[in-house]
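Data block below; observations after.
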Amino acid sequence: MGRALMTRMRDELLHLYAMDLGCDYHLVPYYEALGMRRGNLMCTRNYERQDGSLPE
């Protein structure tokens with residue numbers, strides 16, 4: 001199911017310049033097998049807004 005979802009998403013997003021994905025290290029081989037290349041990802045999170053609420 002995961003492979004089918006990723007393949008469909010890739011096919012639908014081919015018109016875009018990039019499709020970035022962040023994953024845990026143990027999943028890297030899975031995504032490489034789907035044609036993705038290893039890269040670095042940096043991010044920041046505001047966990048107080050995790051539920052989608054707006055600041056008061």
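The values are calculated or read from the model by the stated rules, or taken from the named source; none is laboratory data. Just so you know, these numbers come straight off a predicted model, no measurement behind them. As a convention, Cβ positions derive from the backbone with ideal geometry for all residues, glycine included, and neighbour counts pool all protein chains shown.
Pairing each residue of the range 31-56 that is in contact (Cβ under 8 Å) with a residue 40 or more places away in the chain and among the β-branched types (Val, Ile, Thr) with any residue that is surrounded by 10 or more Cβ atoms within 10 Å (Cβ to Cβ) and in a loop (DSSP other than H, G, I, E, B), provided the two are 6+ apart or on different chains, yields no C-beta distance under 6 Å. The set of residues in the range 1-28 being within 16 Å of residue 39 (Cβ to Cβ) and of a type in the set (Asp, Glu) consists of 20, 24.
Determine if the range 21-28 includes at least one residue that is in a helix (DSSP H, G or I), acidic (Asp, Glu) and surrounded by fewer than 10 Cβ atoms within 10 Å (Cβ to Cβ). No, the range 21-28 contains no residue that is in a helix (DSSP H, G or I), acidic (Asp, Glu) and surrounded by fewer than 10 Cβ atoms within 10 Å (Cβ to Cβ).
Just to be sure, is residue 6 surrounded by 10 or more Cβ atoms within 10 Å (Cβ to Cβ), out of contact with any strand residue (DSSP E or B) (no Cβ under 6 Å at 6 or more places or on another chain), at pLDDT below 95 and in a loop (DSSP other than H, G, I, E, B)? Answer is no for this residue.
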